[in-house]
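Engineer: Got a structure for you, questions after.
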Amino acid sequence: MTADTRQSDPRGVKATSGRRDAPGVEECAQPTAERVRRAGADFERGDTGQITMRDSPLERAHARKLINHQQYSVGQKYRHWYHAGLADQLHSIDVNRIFAADRSNFSGMAKTEAQVFHRQRYREATQAVGKIGSHVLDWVVCRETPLDQVGYTLGWGSRPQAYAAAVERMKTALDELCKLWGLVR
């Protein structure tokens with residue numbers, strides 16, 4: 001066998017290189033075993049094999065029947081926060097422009113009319129539910145912080161009390177949003 005035939009033979013190259021083929025898209029798109037274990041029973045596997053994680057605190061509360069379907073849908077609608085451009089953005093720092101002001105960024109201002117609309121709806125919602133209600137909804141619905149941790153920020157010391165307090169405050173705030181947006185039974 002010549003050197004040319006050895007290099008063109010895929011079995012010979014694979015055996016000599018020691019590398020495996022890159023995994024397919026199906027294998028890369030799967031959640032890791034740790035991620036599935038952490039989600040527990042809070043994920044769905046569709047007919048096509050697609051996995052949808054349902055482990056945000058709002059979805060867990062709905063699955064555990066702590067909140068009803070109306071409260072759940074209002075909680076999803078409260079995510080005007082995200083569409084308003086108020087969510088933290090992941091971006092890197094340009095080290096060449098540390099001290100330069102970026103006048104085109106308009107820090108804190110809405111960039112589109114859609115963002116203005118969503119900011120108005122978000123402000124109306126936060127005023128309707130009050131300070132504590134908006135605090136709980138911001139952390140639970142928007143930032144997906146676990147309910148017990150939100151209860152700790154409300155001043156409760158034990159985990160069961162913190163969890164129960166956060167659930168009750170969240171339910172009260174979601175009921176207020178149901179009234180505001182006209183979703184009362």
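All of the numbers you see were taken from the coordinates with simple rules; none came from a lab. No experiment lies behind these values; they were computed from the predicted model shown. So basically every Cβ, Gly included, is an ideal-geometry build from the backbone, and we count neighbours across all protein chains shown.
Engineer: Pull out the extension gain between residue 144 and residue 123, defined as 0.36 nm times the separation in residues minus the alpha carbon to alpha carbon distance; nm, one decimal. Each step should come with its number before you reach the end.
Structural biologist: On the way: separation 21, 0.36 × 21 = 7.56 nm, distance 1.94 nm.
Result: 5.6 nm gained on full extension.
Engineer: Next question, about the same structure. Could you calculate the FRET efficiency of residue 158 with residue 35 from 1/(1 + (r/R0)^6), where r is the beta carbon distance between them and R0 is 35 Å, rounded to 0.05? Let's see the in-between values first.
Structural biologist: Values: r = 29 Å, r/R0 = 0.83.
Computed FRET efficiency for residue 158 and residue 35: 0.75.
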